[in-house]
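Just so you know, all these numbers are worked out from the coordinates, no wet-lab data involved. Worth saying up front: this structure is predicted, and the values here are computed from it rather than measured. Here the Cβ positions follow ideal geometry from the backbone for every residue, glycine too, while neighbour counts run over all protein chains shown.
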DNA sequence: GGTGAAATCGTCGCCAA
DNA sequence: TTGGCGACGATTTCACC
């Protein structure tokens, strides 16, 4: 992981479909050499993959919310993770310090779906309370930097 | 935006570097036809772009946190957005309902950087209070759904 | 890390349904 | 309009230096 690797990563975050030749020109390396580095970064796990960034508003999709989760005493993180992964509406989730035990970023059709999702999450008793903040607008959105 | 477009979008979310030919084989379309659709999805705004998904732990990077922001009365959203965009540590931010006015997802080297960032954000008075929750671990992470 | 070569891919104009 | 075909230059991806 040298400065050139970092440059390559930054260029791919900016545009994942950039060609190796284009990257090579910017970092003064040949295309095969760039490919070797990218392959290494992928197998090494630094780059997990490449994805399309969607505009959910333009896609006619719905509502996003950040849901704080409060666990029952003695709840295992793995249980909650498994439960969250059952629901495709959960885009991302983190275990956090502070008031709540975890925060889930969810994408649902509308407020009714959110309500239903929250009920579902609480169903088996590992999540005993939630507190939701519905996203009104996205202020900042960067690659995944 | 027909079912084939949705399939194409899903395939690109899964792997943004897939070739048009590969996509075409999966949706029973020729490569040029797939390219036309992807071009249309991009100019139409449904697909904002393509990015690399990084593993920040593997990259030896630091701490992630969710910072709730409380604005001074009369603060404009655009002001705060501009302020947030000045700081590359802010990966994402949303204006939300509920207790806080906005939530920023930030990535910093360590807790000291977080402290410094928060001081910076509060400096001009539009953000009067913050409440941070440091991410202990990522529970769920899907493409960008 | 570079070079060269072969296979594949991106991209365009043109034509058919 | 939307999709397929053909063609050409660019790109990917090797083996080898």
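One quarter of the surface of the convex hull around the alpha-carbon atoms of chain A equals 11.0 nm², the direction-averaged projected area. Contact order, relative form, for the range B:63-145: 46 percent (alpha carbon pairs under 8 Å, 6 or more residues apart, mean separation divided by residue count).
What FRET efficiency, computed as 1/(1 + (r/R0)^6) with R0 = 51 Å and r the Cβ-Cβ distance, is obtained for residue B:123 and residue B:25, rounded to the nearest 0.05? Calculated value: 0.40. Given q = 0.17, 0.19, 0.21, 0.22 Å⁻¹, what are the Debye log10 I(q)/I(0) values for the range A:63-134, with equal point scatterers placed on the Cα positions and solvent ignored? The computed values of log10 I(q)/I(0) come out as -0.53, -0.67, -0.83, -0.92. For chain B, the longest principal axis of the alpha carbon atoms and the long axis of helix B:31-43 meet at an angle near 30°.
Can you tell which of B:129, B:112, B:42 shows the greatest fluctuation in a Gaussian network model of chain B with Cα springs below 10 Å? Result for chain B, Cα springs under 10 Å: B:42 fluctuates most. For the pair the range B:95-121 and the range A:68-145, the centres of their Cα atoms are 19 angstrom apart. For chain A, the relative contact order works out to 25 percent when only alpha carbon pairs closer than 8 Å and six or more residues apart are counted. Remark: the Cα gyration tensor places the range B:3-43 in the rounded category, a/c being less than 1.5. Rounded to the nearest 10 degrees, what's the angle between the helix A:111-122 long axis and the longest principal axis of chain A, both from Cα atoms, 0 to 90? Between the helix axis and the principal axis of chain A, the angle is about 80 degrees. I need the inter-copy label distances for residue B:120: point set 7 Å along Cα to C-beta, values in nm with one decimal, smallest first. With the label placed 7 Å along Cα→Cβ, residue B:120 yields 3.9 nm. Taking all Cα pairs closer than 8 Å and separated by 6 or more residues, the relative contact order of the range B:3-43 comes to 34 percent. In chain B, the beta carbon lying closest to the axis that superposes B onto A belongs to the residue given here with its whole-angstrom distance, B:16, 2.
Under Stokes-Einstein, with the Kirkwood radius over Cα pairs as Rh, the value for the protein assembly as shown at 20 °C and 1.002 mPa s is 105 µm²/s.
Each copy carries residue B:87; placing its label point 7 Å along the C-beta direction from Cα gives inter-copy distances of 2.9 nm, listed from smallest up. Quick one: angle between helix B:3-14 and the longest Cα principal axis of chain B, in degrees between 0 and 90, rounded to 10, please. Its long axis makes an angle of about 60 degrees. With label points defined 7 Å past Cα in the direction of Cβ, position residue B:43 shows copy-to-copy spacings of 4.1 nm, given to one decimal and shortest first.
Springs join every pair of Cα atoms under 10 Å in this Gaussian network model of chain B, and among B:126, B:30, B:95 the largest mean-square fluctuation is at B:30.
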